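The values are calculated or read from the model by the stated rules, or taken from the named source; none is laboratory data. Predicted model, so just to flag it, every value in this text is computed and none were measured. Don't worry about glycine lacking a Cβ; one is built from the backbone with ideal geometry, like all the others, and counts go over all protein chains shown. Keep in mind that these areas ignore ligands, DNA and RNA; they rest on the heavy atoms of the full protein, side chains included. Shrake-Rupley method; radii C 1.70, N 1.55, O 1.52, S 1.80 Å.
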Amino acid sequence: MQKETIEKVALLARLELSAEEIEPLRIEMSKILEYADQLAALDTEGVEPLAHPGDILNALREDTACESTDRSKLLQNAPKSDGEFYLVPAVLGEAGKS
Amino acid sequence: MKKDTYQMIVGLEVHVQLQTESKLFCGCRTTFGSSPNTQTCPICTGMPGTLPVLNRKALELSIKTGLAMNCEISRFSKWDRKNYFYPDLPKGYQISQFDLPICGPGWIAISDPKERFASKNIRLIRAHLEEDAGKSVHDEVAGSADTRIDLNRTGTPLLEIVSEPDIRSPLEARAYLTELKLMLEYLGVSDCNMQEGSLRVDANVNLHIEDEDSTVATPIVEIKNLNSFRAVERALEFESDRQWQQWQREGITLEQGAKTTRGWNDAEQKTTIQREKEDSADYRYFPDPDLVPVTISEEQVNTIRSSMNELPAALRNRLCKKHGLSDYDAEVIVNQGREFAEYFQSVADLSGSGKLAANWMQQGVLGYLKEKELAISSFPVSATRLGTLVRKIQDGELDNSRGKDVFEKLLQTDLEVEAIMKELGIEAVDDSALEAICQDLLAANPQVVEAYRGGKPQAIGPLIGQAKKKNPNANPGKVREILIGLIDG
Amino acid sequence: MNHIQQSAFDLVAGLKAGQFSAEEVADSFVRQIERHDTAIGSFLRFDGQQALQQSRTLDGSENKRDGLAGIPIAIKDVICVRDQVTSCSSRMLESFLSPYDATVVEKLRQSKAVMLGKTNMDEFAMGSSTENSAFQPTRNPWNPSHVPGGSSGGAATCVAARMAPLSLGSDTGGSVRQPAAFCGVTGLKPTYGRISRYGLVAFASSLDQIGILAHDARDTALLLNHCVGHDPRDSTSASVAGEDYLAGLGNSLEGLKIGLPREYFNEGLNPEISASLDQARATFEQRGVQFVEISLPMTSYGVATYYLVASCEASGNLARYDGAHYGLRKTLPAENRDRSENELLRMYRQTRSQGFGPEVKRRIMLGTYALSSGYYDAYYLKALKSRRLIQDELKQAFQQVDLILGPTTPTPAYKTGEKSANPLDMYLGDIYTVIANLAGIPAISFPAGFSAEGLPIGLQLQGPAFSESRLLQATHAFQSQTDWHQQDPQMTPAGDPS
Ligand SMILES: [Mg+2]
Ligand SMILES: [Zn+2]
């Protein structure tokens, strides 16, 4: 695993790694991935991936509206708000939204 | 090189908000325009420990829409997480569908009665159900350094409908969107209000250019922020022109250039490049472990199918067949919406003439609605009253101009057609009275008889006018008939 | 009278019979906490006055005979309690006030249990030693220089040290069973979907399950009765009806078939644990159990499969901690700013780098990498396929046997700091526990001996989905025959001369 890969992944994950953090992390991740590489030996031809351990299907709710939560109750946890909105540092014209 | 050596290639992605009472994964309401952050709860604000549960109605509306768009409905569908960071997305991922969308391939037929393009099917790749994001408000005027986030819209059900790149002109794009929107409205699955963002369009566009012996493609540009059909048309015109210019300058092909995103600036009527994210989009889709898959049975699909309203295309066909309308008339009437078309059908049935009814709908009714900016639901004349009027015209009890007089009164009063006719002194004139008038006129105008016999049938025209002066209720057709009978007799 | 030595089952009986009051019970445990928790560090937040107040109110009310009325319970700080801090032992949520109750907390309130406080854990439940808490260490009551296990270290120690008769933990890869083994208590991870996850802060959603820590199988059954049930707020909640887990507890084990997987006995297994296993086998055999050697070759793929699946899901689940809507927000002082970076991105990266500890960052990095384009198939998808094979293999095994017996951990509790420098080493300690999470099956760890050093040894029984009753019956039978679960650590209260 390259240092550049670590930096790229850190950006994707919105982490900022200090210069001192990168190298140990690179070594640890390499070791873990090397260990995980044993899976490559496993024959998984035609095996259906298992994303849910249970066999539940069709968990649906009826379309009924209920009371929303009091705004102040939710905004009390906001690092910054004006009492109506969450406030975040400005960002303009960032592409790539849905 | 001439401009006509390139072909515009367009695919559209349409996000439609589905009309549900509550959000896709929680019980919050989806009402537009509420005070900021008053329609949220721990679930749709992505609080730790909360879990989504799928709204049954949203699923059913998606299936219904898929059926209307001739899509294959998946028997097995699941939800995936699309991971990206943005402040209007509180969980850090959007719950969407990646590889098993509810609706698979389908198509929507478009046509143009004015024949500016040939009828065709626009193929659809898929339609999937996902949650909407919130809204970011950046008020530059106020000069605030912060962006304000309103999460009311977060979690509203969205159906994303993705077309194949089958669209070849701004006109086709508009036709496709018009037909899609109409279909959604007829189905009652969305209010399609573009101002309120219930229907949002992104366009993928590039050019295929005839270059010597081969065809080359320019890099694909995704245009965002298209908030009206007009904007879609204008943006496609602008963008194809811009890409053509750029191709001539730089000659970069699809294979050489990356896909870029541009925003449509409505005020300046142009597209501008949007800043890319710091990392190239890598959404790391994976199955959402908090939501279980959904199976859709044949029976369920049939139940939904049988609950569907008649679709615009089928209705147009029926109107042409049953009422003898032209393609153009059928399109105008059906495209006004379901209520308008229903109103028309009542009038047509009562009057016994679809064609006449269609004329009155277009000139009388539509003219009035446009002038007053009203919807058919607020039109003051009931279908029964208008139907009675058209019937009388059809039966010859009224001519067109007297009909218009009655129509005016229908708009202004609550009176029935017969009562208005009485008030205006319109009554049927019996044939003997008309014959007397005609005999008098012929006797007083021998030169007309002469001219008619000399091969000028139009000469009797003025006599019809005079007959109407003598008796305003005289039916011009009837008068003509009697005059000719008397001369020939 | 001091009530800390009584089982929760006996406390319920005594309270119902009016032999003592809820206040007396609460007072015993509150005093035990005040006496010992400074040294142990089980609780992140503990409100003795509130517990006493609640008990007093209960004593005066007609609810005093309800299900768990007056029984003190500790809650792992990964489960949301309304209007209280739920920190997950992370700086990120240090002052986060949950606006709602987890479903399991609602149920406990309905049963009139008395909530003592929130227990320490590895940050976001990632870890096997509780050393990854951002706030405090938790010490093993049997030997304070050893780790209590994790991630439910606080939940296990508070029961072991008799500061609470019952506690709720969470188990994603062994986080209830492993600390139970290290601390000499009983720990149950129910079937995936058995207890609602609504309000359990997610680490890895398809593996997470709320679990129970108690002294014995009977107390575990008692609490389980009040936690299970279908929850419409959790799509993965099982619709299989809950049972009265106390009812069949005394059933005979005659004719029960228990499998011993060959793969569990390798050179990594501590010989003392191996010996406890032999002893336990003899105990079970006396009760009419028949042992069958079985083979589970997929066992060796468990840890790799688990760490990929768990990290991938975690990278998504923890994306919400970004400083925008709740929790910690960090930005850099103006002079340290790189002007080319936009402010929002800077906030995200600073918040997440300062808010998460090293283990959480490591797993987010691992998961992000394994899901990123080009690696998805080789890591994440491959792990999901391996997971299918693991589940299939167990389903087959359970055609042959009723339960599977094995060690909970390869070794007894290790020393604090011993493994923190080598994450992979620590991960390998989860080899016996991760399988149950991957397969979604229930498993229980129960005390079965002590090492020469005097550290508890735990063994694990695993059963097919929804076989909690059978697991509890087997454990109960074993505990009727042995007294490992009744041993108490010798503790020196902080400040007492030793
Ligand atoms: Mg989308
Ligand atoms: Zn909500």
### Query
Magnitude of the Cβ-charge dipole of the protein assembly as shown, K/R +1 and D/E -1, about the Cα centre, nearest 20 debye?
920
### Message
So for the stretch B:32-111, considering every pair of alpha-carbon atoms, how many percent are separated by more than 19 Å?
### Response
54
### Message
Could you tell me which residue out of C:144, C:166, C:229 lies farthest along the dipole of the stretch C:141-244 toward its positive end? Charges go on the beta carbon: Lys and Arg +1, Asp and Glu -1, centred on the Cα centre.
### Response
C:144
### Query
Rg to Rh for the stretch C:244-389: what is it, with Cα atoms only and Rh by Kirkwood?
1.21
#### Entry: Extent along principal axes [Cα atoms of the stretch B:1-49; Å; largest to smallest]
60, 25, 19
### Task
Determine the dipole magnitude for the stretch C:356-462: charges of +1 sit on the beta-carbon of Lys and Arg, -1 on that of Asp and Glu, nothing else is charged, the reference point is the Cα centre, and the result goes in debye to the nearest 20.
360
### Message
If you build the convex hull over the alpha carbons only and average its shadow over all orientations, what do you get for the stretch C:386-470? Give it in nm² to one decimal.
### Response
6.5
### Message
Can you give me the accessible area per residue for the stretch C:102-183, using a 1.4 Å probe, in Å²?
### Response
15
### Query
On average, how much area does the Cα convex hull of chain C cover when viewed from any direction, in nm²?
24.1
## Note on the structure
With bins of 5 Å, the percent of all Cα-Cα pairs of the stretch B:108-223 per bin from 0 is 2, 8, 14, 18, 16, 14, 10, 8, 6, 3, 1, 0
### Over 33 Å [Cα-Cα, chain B], rounded percent
55
### Message
Tell me the relative contact order for chain B as a rounded percent, counting alpha carbon contacts under 8 Å between residues six or more apart.
### Response
14
### Message
Can you give me the accessible area per residue for chain A, using a 1.4 Å probe, in Å²?
### Response
50
### Task
Could you please put C:382, B:370 in sequence from largest to smallest accessible area, using a 1.4 Å probe?
B:370, C:382
### the protein assembly as shown - Rg and Dmax from Cα coordinates, angstrom
37.9, 142
### Per-residue average of Cβ from other chains inside 10 Å of A:2-12
5
### Normalised per residue, the volume of the convex hull around the Cα set of the stretch B:260-412 (Å³)
229
### Task
List the relative contact order of the stretch B:92-214 as a percent without decimals, with contacts defined as Cα pairs under 8 Å and 6+ residues apart.
21
### Task
Name the shape class, rounded, prolate or oblate, that the alpha-carbon gyration tensor gives for the stretch B:91-160, where a ≥ b ≥ c are the square roots of its eigenvalues, rounded holds for a/c under 1.5, and otherwise prolate holds if a/b is larger than b/c and oblate otherwise.
oblate
### Local electrostatic count, residue B:292, Cβ distance below 12 Å [Lys/Arg +1, Asp/Glu -1]
-3
## Note on the structure
The farthest towards the positive end of the charge dipole of the protein assembly as shown, of the residues C:297, C:135, B:334, given +1 on Cβ of Lys and Arg and -1 on Cβ of Asp and Glu, is B:334
### Message
How large a share of the accessible area of the stretch C:146-225, in percent, is made up of carbon and sulfur atoms when the probe is 1.4 Å and the other protein chains stay in place?
### Response
41
### Task
Pop a pseudo-label 7 angstrom from the Cα along the beta-carbon direction at both residue C:267 and residue B:98 and give the gap in nm to one decimal.
4.0
## Note on the structure
Shielding of B:287-300 by other chains, given as the mean Cβ count within 10 Å, works out to 5
### Message
Please report the net charge: other residues with Cβ closer than 14 Å to the Cβ of residue B:396, K and R +1, D and E -1.
### Response
-2
### Query
Using a 1.4 Å probe, how large is the accessible area of residue B:149, given in Å² and rounded to the nearest 10?
0
### Task
Using packing as a proxy for protection, rank C:58-70, C:109-121, B:372-384 so that the peptide with the highest average count of other Cβ atoms within 10 Å comes first.
C:109-121, C:58-70, B:372-384
### Summary
Hull surface over four for the Cα convex hull of the stretch B:190-231, reported in nm², is 3.9
### Message
For residue B:406, what accessible surface area do you get with a 1.4 Å probe? Give it in Å², rounded to 10.
### Response
0
### Task
Using a 1.4 Å probe and ignoring any ligands, DNA or RNA, find the accessible area of residue C:80 and quote it in Å² to the nearest 10.
0
### Task
Please state the charge dipole magnitude for the stretch C:215-320, taken about the Cα centre, from unit charges on C-beta atoms (+1 on K and R, -1 on D and E), reported in debye and rounded to the nearest 20.
180
### Query
To one decimal place, what Kirkwood hydrodynamic radius in Å is obtained for the stretch C:428-487 from all pairs of distinct Cα atoms?
12.6
### Query
Once Lys and Arg get +1 and Asp and Glu get -1 on their Cβ, which of B:323, B:300, B:421 lies farthest toward the positive end of the dipole of the protein assembly as shown?
B:421
### Query
With a 1.4 Å probe, how much accessible area is buried between chains B and A, both sides summed, in Å² to the nearest hundred?
4700
### Surface share of carbon and sulfur [accessible, 1.4 angstrom probe, percent] for the stretch B:128-270
44
### Query
So, in nm, how far is label residue B:317 from label residue C:490 when the simple model puts each one 7 Å beyond its Cα toward the Cβ?
9.1
## Note on the structure
Taking Cα pairs closer than 8 Å and at least 6 residues apart, the relative contact order of the stretch C:400-498 in percent is 29
### Interchain or long-range residues, amide H under 5 Å from residue C:132's placed H
C:123
## Note on the structure
Applying the gyration tensor rule to the Cα atoms of chain A (axes a ≥ b ≥ c; rounded if a/c under 1.5, else prolate if a/b exceeds b/c, else oblate), the class is oblate
### Query
Which whole number gives the average count of other chain Cβ atoms within 10 Å of the Cβ atoms across peptide B:255-266?
1
### Message
Can you give me the long-range amide H partners of residue C:294? Hydrogens built in the peptide plane at 1.01 Å from N, cutoff under 5 Å, separation of 5 or more residues or another chain.
### Response
C:260, C:262
### Query
Which value, in Å², gives the accessible area per residue of chain B when a 1.4 Å probe is used on the protein heavy atoms?
43
### Local electrostatic count at residue C:463 - Lys and Arg +1, Asp and Glu -1, tallied over other residues with Cβ under 14 Å
+3
